[in-house]
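Trainee: After the structure tokens below, expect a handful of questions from me.
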Amino acid sequence: MDSQRVAAAGSEDMTSPILILGGTTEARELAALLAARGADAVLSLAGRTVNPVAMPVPVRMGGFGGAEGLAAHLREAGIGALVDATHPYAATMSRHAAQAAAAADVLFLALRRAPWQPVPGDDWAEVAEAREAVAALGVPEHRVFLALGRQELAPFVEAPQHDYLIRSVDPVMPPLAVPRARYILARGPFDEAGEYAMLRDARIEAIVCKNSGGTATYGKIAAARALGIRVVMLRRPELPEAPNVATAEEALAWLDHAGALRGV
Ligand code: NAP
């Protein structure tokens, strides 16, 4: 860690709140660890999920209005440290967070879980974006499981020949304009046995998903390996350079070392 930033943190007000940009399991875990320490922490959610799970610290909802809006919020709320614990595919928010922390001179940490790596037996095609995933599925019709979240589905209307099974936390509205699509509403974690049964029963031939990392959604990857199912994996987007850790426990230790928990 950079000594200048530690010095800056040391001069902060001892009760400066920590703002966690959330939407992930790790954000919730860090919030719980901070709450257990008696730290003043606030969790920020984009507000995309209709019924977010209960959080262990106060929650604020909705965008800040770009990097400038977030920087203004950091100043006005007297935030002492900003933790970007958004999903690894929330690249816009991560970029704004890094810019805003620099502009407001606030201690900044990225909490990013490590990506999954292919292991022997995996059949992965890595692609840059959903449009490329459509091309990777090819022309012949397949039974395809889409586990991408709701925001990346639109390009699949270009491949109406496939039979889609689509899983999301909230309903896909409007439904995908293809002749054959079934929907599953579910929130992880998803274990391997359940994913295996679901993929086998639906006779899925290809999965399209993000490289989310972590254990909560790895079940489908392990099940795909066991069933010999092809995985079209969206590569992670470029994220800004920042001090980063992979777990909530490491984030707590980093914040502690940086002086963000002084006085609690
Ligand atoms: P994004 O494209 O990077 O963000 C778009 C805009 O949404 C941001 O510019 C910001 O608006 C607002 N925003 C995003 N995260 C926010 C947060 N934690 N608090 C307040 N505002 C936030 O991100 P996204 O793909 O829409 O993801 C939105 C949220 O869902 C993130 O919190 C992310 O962790 C979570 N999530 C995303 C995925 C995924 O695959 N993308 C998966 C699971 C969970 P302003 O510019 O107005 O501040």
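The values are calculated or read from the model by the stated rules, or taken from the named source; none is laboratory data. Quantities reported herein were computed from a predicted structural model and do not represent experimental measurements. Cβ coordinates were reconstructed from backbone atoms using ideal geometry, including for glycine residues, and neighbour counts include every protein chain displayed. The area values use the complete protein model at the heavy-atom level, side chains included, leaving out ligands, DNA and RNA. Shrake-Rupley method; radii C 1.70, N 1.55, O 1.52, S 1.80 Å.
Trainee: Restricting attention to region 210-225, which residues are assigned to a loop (DSSP other than H, G, I, E, B) and either under 18 Å from V127 (Cα atoms) or away from the ligand (no atom under 16 Å from the Cβ) (or both)? I'd like the intermediate steps shown before the answer.
Mentor: Here is the first cut: in region 210-225, the residues assigned to a loop (DSSP other than H, G, I, E, B) are 211-218.
The answer is N211, S212, G213.
Trainee: Right, next: Looking at (1) touching a residue at least 12 places away in the same chain (Cβ under 8 Å); (2) part of a helix (DSSP H, G or I), which one does I207 not meet, given that it meets all the others?
Mentor: (2)
Trainee: Here's a check for you: in region 214-235, which residue that is under 14 Å from the mean Cα position of the chain (by Cα) and more than 17 Å from L146 (Cα to Cα) is most open to solvent (accessible area, probe 1.4 Å)?
Mentor: Step one: list which residues in region 214-235 are under 14 Å from the mean Cα position of the chain (by Cα), which gives 214-218, 234-235.
Of the ones still in play, those that are also more than 17 Å from L146 (Cα to Cα) are 214-215.
On the way: G214: 32, T215: 126 Å².
Among those that are under 14 Å from the mean Cα position of the chain (by Cα) and more than 17 Å from L146 (Cα to Cα), it is T215.
Trainee: Do we have A46 as in contact (Cβ under 8 Å) with a residue 40 or more places away in the chain, near the ligand (Cβ under 8 Å from one of its atoms) and not assigned by TED's automatic domain parsing to the domain that holds P189 here? Write out each step before concluding.
Mentor: On the way: in contact (Cβ under 8 Å) with a residue 40 or more places away in the chain: yes; near the ligand (Cβ under 8 Å from one of its atoms): yes; not assigned by TED's automatic domain parsing to the domain that holds P189: yes.
So A46 fits the description; yes.
Trainee: I'm trying to understand the selection: among the residues of region 54-69, which are more than 7 Å from the ligand (Cβ to nearest atom) and not hydrophobic (A, V, I, L, M, F, W, C)?
Mentor: Of region 54-69, the ones more than 7 Å from the ligand (Cβ to nearest atom) are 54-61, 67-68.
Result: P56, P58, R60, E68.
Trainee: Could you check region 24-43 and list, in sequence order, the residues that are within 22 Å of D170 (Cα to Cα) and away from the ligand (no atom under 13 Å from the Cβ)?
Mentor: From region 24-43, those within 22 Å of D170 (Cα to Cα) are 24-28, 43; that's our starting set.
Across region 24-43, there are no qualifying residues.
Trainee: L111 is checked against (1) open to solvent by less than 20 Å² (accessible area, probe 1.4 Å); (2) of a type in the set (A, V, I, L, M); (3) more than 11 Å from the ligand (Cβ to nearest atom); (4) under 17 Å from L45 (Cβ atoms) and fails just one. What number does that condition carry?
Mentor: (3)
Trainee: What about L255, is it buried (at least 19 other Cβ atoms within 10 Å of the Cβ) and not in a strand (DSSP E or B)? Write out each step before concluding.
Mentor: Working: buried (at least 19 other Cβ atoms within 10 Å of the Cβ): yes; not in a strand (DSSP E or B): yes.
Against the criterion (buried (at least 19 other Cβ atoms within 10 Å of the Cβ) and not in a strand (DSSP E or B)), L255 qualifies.
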